[in-house]
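Asker: Have a look at this one before I ask anything.
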Amino acid sequence: MSLPRPAWALRGDVIRERLSAQPAAHVVQPPARIPRQVSILGSGDILVHPPTWQQARADAEAAGRAGYDFDPMFASIRPAVESADLAICHMEAPMGPGDPKDFPRFNAPVDLAAAVKKAGYDTCSTASNHALDQGEQGVYDNLDALDAVGLRHTGTFRSAAERAKPTIYEVHGVKIGHLSWAMHFNGLDPPAGKEWLANRIDVAGIRAAAAATRKAGAQIVVLSAHWGTEKVHNIDGEQLSWSKQLIADPNIDLIIGHHAHVVQPMERVGDKWIAYGMGNTLARHDFPNDDNREGILAKFTFTEQPNRRWVVTRAEAIPIWLSSGQPSASSTWPGSWSTCPRPTAAAPSTPVPRTGSPATSAAAARSGPGSAYLFTDRLAARHHGYATREGRRCLRPNAEMVWRLVPMTGQATTAQAPRSSRSGAMPPTTATARATSSAARSAP
């Protein structure tokens, strides 16, 4: 008689354990990708007049040196300039050997180049209405002075081959292209067959140069434009026409303007920016007034988007002032002072055009979805009717003057871009402007 085979049974606790959900394996999530950023700073005209070169000579003599010392004039803005990853100056007049010359055919001391480099600038645009003031040799002398101190440059050239080669700077692994073009040369022309000496504004030519610069590997392309009407804050018809065509070009990401010698508006068009005129950086005209003693350092932060495109996500306007006096630690200035009105830093997105100003009216018409204006300093109050508050102290000059550039602490204006859309491009919404501290953002 065979015995039945034993049947084995699992205890209930073992069955429950085996049927229970198994613990999930620990999945390591890849770290979130931090978007890369790079900042680009532009500033207004550098145009040396007798009061400033005389001051530079006096500063050199005080230091026991020959020549000209422009370093003290730039010292106060150096932290703000150095805060940018790429700082672009605008060398409006040529530098060259011999005695300095004033309007109408400028020649600046070559010692100026070292001061610009020490101030934190990396490169300079050189296409301007004064680019040919000292003729063909003056172009070469100016470029030699820039090369001698390690400043890059574009806008004027030594040969057709040099002009044809795209100007690209590599900054923290980001390739930034730079173009520089001017509307005219004050009636002067390059020698026959040497039109390559200096770039004269031509929309088709600029677009072709931008395309070649992009093809050469530039991830961001900046256009320096010498344009506008001198001593006029409003944008003129040529600026409006040219800017509309150029900012729409996919190969141009930012336009920074010069020539007017007064501050003009900054505008956001879609996810791009135009600084129409940044006033003066260093100049002392023979028509002295507050307007041409002020300028802005226009600083733009580009952020790489998921689609690898670079767009401006922050725009800053840092006001600067050519002072005839050295500020003390307590900000008590020499001279006779009066208080001038300034606007609130949070500006409306659309300017209020003045009656009978077609240029401003046309500019205002461009505002709206995808476009915003950012004004700085008291210009908004005086020229566009924005709300004001007391702030700036204006100098009534004394006989003895010491010329220095100074940042206007606490008056910087910032526009923060909206968050990116899923495609990586900023949605066409109005920028928001708010006041921030110039000193805090300008720390080296």
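Asker: Arrange the peptides 214-225, 168-179, 30-41 so that the one whose residues have, on average, the most other Cβ atoms within 10 Å appears first. Let's see the in-between values first.
Answerer: On the way: 214-225: 21.8, 168-179: 18.9, 30-41: 13.6.
The packing order, highest mean first, is 214-225, 168-179, 30-41.
Asker: Which far-off residues, 5 or more places away or on another chain, put their amide H under 5 Å from the one on Leu297, with H placed in the peptide plane?
Answerer: Residues meeting the criterion, in which the H sits 1.01 Å from N, are Ile318, Ile320.
Asker: Using mean Cβ contacts within 10 Å as the protection proxy, how do 248-254, 273-279 order, highest first?
Answerer: 273-279, 248-254
Asker: Sorted by packing (mean other beta-carbon atoms within 10 Å per residue), highest first, where do 182-188, 227-233, 158-164, 129-135 land?
Answerer: Values: 182-188: 16.4, 227-233: 18.7, 158-164: 12.7, 129-135: 22.9.
By packing density, highest mean first, the sequence is 129-135, 227-233, 182-188, 158-164.
Asker: Then there's this: Which residues does the label zone of Val171 cover in the range 279-314, counting backbone N under 16 Å from a point 7 Å along Cα→Cβ?
Answerer: Backbone N within reach: 297-305, 310-314.
Asker: Rounded if a/c is under 1.5, else prolate if a/b beats b/c, else oblate: with a ≥ b ≥ c from the C-alpha gyration tensor eigenvalues square-rooted, which is the range 195-253?
Answerer: On the way: a/c = 2.32, a/b = 1.63, b/c = 1.42.
Judged from the Cα gyration tensor, the range 195-253 comes out prolate (a/c at least 1.5, a/b above b/c).
Asker: Quick one: putting +1 on the C-beta of Lys and Arg, -1 on the C-beta of Asp and Glu, what dipole do you get for the range 147-256 around its Cα centre, in Debye to the nearest 20?
Answerer: Details: 12 positive and 11 negative charges, 63 e Å.
That gives a dipole near 300 debye.
Asker: Can I ask one more? Just how far, in whole angstrom, is the range 133-198 from the range 281-323 if you go by their alpha carbon centroids?
Answerer: Comparing the Cα centres of the range 281-323 and the range 133-198, I get a distance of 22 Å.
Asker: Give the residue from Ala114, Pro97, Thr167 lying farthest towards the positive end of the charge dipole for the range 91-215; charges sit on Cβ (+1 for Lys and Arg, -1 for Asp and Glu) and the dipole is referred to the Cα centre.
Answerer: Toward the positive end, the furthest listed residue is Thr167.
Asker: Here is a follow-up. Test of understanding: what is the full-extension gain from Val149 to Lys244, defined as 0.36 nm times their sequence separation minus their Cα-Cα distance?
Answerer: On the way: separation 95, 0.36 × 95 = 34.20 nm, distance 3.63 nm.
Extra length available between Val149 and Lys244 comes to 30.6 nm.
Asker: Next question, about the same structure. Work out from phi, with θ = phi - 60° and the Karplus expression 6.51 cos²θ - 1.76 cosθ + 1.60, the ³J(HN,Hα) of each residue of the range 198-204, listed in order in whole Hz, and give x for Gly and Pro.
Answerer: Calculated HN-Hα couplings, in order: 8, 7, 9, 4, 8, 4, 4 Hz.
Asker: Once you have the Cα-Cα distance between Ala212 and Ser159, take 0.36 nm times their residue separation minus that, and quote the gain in nm to one decimal. Write out the running numbers ahead of the final one.
Answerer: Numbers: separation 53, 0.36 × 53 = 19.08 nm, distance 1.76 nm.
So the chain would gain 17.3 nm between Ala212 and Ser159.
A short reminder: the numbers here are calculations on the coordinates, not readings from a lab. This one's a predicted model, so the numbers in the text were calculated from it and none came from an experiment. Reconstructed Cβ throughout: ideal geometry from the backbone, glycine too, with neighbour counts over all protein chains shown.
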